[in-house]
Amino acid sequence: MKREVVLDTETTGLDPASGHRVVEIGCVEVVGGLRTGAVFHCYLNPERDVPEEAFRVHGLSTDFLKTKPIFSEKVDEFMEFIADAPLVIHNAGFDMRFINAELTKLGFAALPMDRAIDTVMMARKKFPGSPASLDALCKRFNIDLSSRTKHGALLDAELLSDVYLELLGGRQVTFQLDANKIAVANMASEAKTLRVALEPRDFPISSEELEAHAQMLAKLKKPVWEEYN
């Protein structure tokens with residue numbers, strides 16, 4: 001089954017060309033649309049201040065981030081985790097622009113945009129004219145948002161993985177998988193209980209065999225069956 005990585009970032013602002021940087025990356029591995037439990041998560045020192053408007057969104061302060069590793073210290077681990085998997089991203093252009101800005105600063109090749117699966121575009125195609133924010137989609141699919149008091153890259157990636165599954169067909173997909181498992185189990189059970197009836201065969205006893213049997217019985221002293229005669 002296909003491996004994909006659901007990815008989200010938090011940043012100091014809206015445009016890397018203006019000097020804004022990534023401050024948090026959260027990645028969640030999914031296989032067949034379902035989370036495997038494998039994640040990549042890090043906070044990053046942006047080597048600059050965090051503007052107040054960005055702090056109000058994600059709650060990551062300059063003081064908190066200045067003790068965190070810089071991107072160059074985490075890039076190898078990040079690249080190893082995403083490997084060659086498709087990247088599932090909400091509003092992919094934003095996150096890809098920031099990730100590629102960080103990568104190219106270090107001499108890495110930019111990640112191609114066609115590698116990204118944009119869940120905003122998926123949602124707009126599936127529900128034209130309806131809100132396509134992560135909050136709106138979580139509410140549409142009854143996904144618990146109680147822990148999302150602020151934006152956080154790992155939490156948002158986990159929520160997005162649930163939204164992505166719903167956009168793919170949701171519980172219908174898992175029901176189909178379960179139905180397939182049940183069908184296979186039933187077939188296995190039927191195979192175990194199947195019995196093949198064979199045609200009865202005749203094995204006649206010769207006179208020599210009867211005589212040998214009688215001689216053997218004559219040698220027995222007080223056979224058990226005589227006690228019940």
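The values are calculated or read from the model by the stated rules, or taken from the named source; none is laboratory data. Just so it is clear, the model here is predicted, and its values are computed rather than measured. Because the Cβ atoms are built from the backbone with ideal geometry, glycine has one as well, and the counts that use them run over all protein chains shown. What goes into the accessible areas is simple: the full protein's heavy atoms, side chains included, and nothing from ligands, DNA or RNA. Shrake-Rupley method; radii C 1.70, N 1.55, O 1.52, S 1.80 Å.
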Worksheet item: Which of (1) within 17 Å of D162 (Cα to Cα); (2) of a type in the set (G, A, S); (3) out of contact with any helix residue (DSSP H, G or I) (no Cβ under 9 Å at 6 or more places or on another chain); (4) touching a residue at least 24 places away in the same chain (Cβ under 8 Å) does G59 not meet, given it meets every other one?
Response: (1)
Worksheet item: Are any residues in segment 1-20 surrounded by 23 or more Cβ atoms within 10 Å (Cβ to Cβ) and part of a helix (DSSP H, G or I), and if so, which ones?
Response: none
Worksheet item: Is there any pair with a first residue in segment 83-95 that is more than 15 Å from P16 (Cβ to Cβ) and at pLDDT 95 or above and a second that is of a type in the set (F, W, Y) and open to solvent by less than 30 Å² (accessible area, probe 1.4 Å) whose Cβ atoms are under 6 Å apart and which are 6 or more apart or on different chains, and what are they?
Response: V88/Y164
Item to complete: Could you tell me whether any residue of segment 168-177 is surrounded by 11 or more Cβ atoms within 10 Å (Cβ to Cβ), modelled with pLDDT under 75, part of a helix (DSSP H, G or I) and basic (K, R)?
Response: yes
Worksheet item: When the residues of segment 59-73 are filtered to those that are touching a strand residue (DSSP E or B) at 6+ places or on another chain (Cβ under 8 Å) and among the aliphatic types (A, V, I, L, M), which remaining residue is surrounded by the most Cβ atoms within 10 Å (Cβ to Cβ)?
Response: L60
Item to complete: Consider V39 carefully, then state whether it is in contact (Cβ under 8 Å) with a residue 40 or more places away in the chain, open to solvent by 20 Å² or more (accessible area, probe 1.4 Å) and not basic (K, R).
Response: yes
Practice prompt. Would you check which residues across segment 95-117 are surrounded by fewer than 17 Cβ atoms within 10 Å (Cβ to Cβ) and touching a Ser or Thr at 6+ places or on another chain (Cβ under 8 Å) and list them?
Written response: L106, A110
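Residues are listed down the side, and each one gets a yes or a no for (1) small (G, A, S); (2) under 18 Å from the mean Cα position of the chain (by Cα); (3) surrounded by 15 or more Cβ atoms within 10 Å (Cβ to Cβ):
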| site | (1), (2), (3) |
| --- | --- |
| V22 | no, no, yes |
| C27 | no, yes, yes |
| V30 | no, yes, yes |
| E52 | no, no, no |
| V75 | no, no, yes |
| D84 | no, yes, no |
Item to complete: Just give me the residues in segment 118-135 being assigned to a loop (DSSP other than H, G, I, E, B) and either surrounded by 15 or more Cβ atoms within 10 Å (Cβ to Cβ) or of a type in the set (G, A, S) (or both), in sequence order.
Response: G129, S130, A132, S133
Discussion item. Quick check on segment 14-31. Is at least one of its residues at pLDDT below 95, in contact with a strand residue (DSSP E or B) (Cβ under 6 Å, 6 or more places away or on another chain) and closer than 30 Å to G169 by Cα?
Written reply: no
Practice prompt. Consider only pairs whose beta carbons are under 7 Å apart and that are at least six residues apart or on different chains; among these, list those whose first residue lies in segment 198-222 and is open to solvent by 100 Å² or more (accessible area, probe 1.4 Å) and whose second residue is modelled with pLDDT under 70 and not in a loop (DSSP other than H, G, I, E, B).
Written response: none
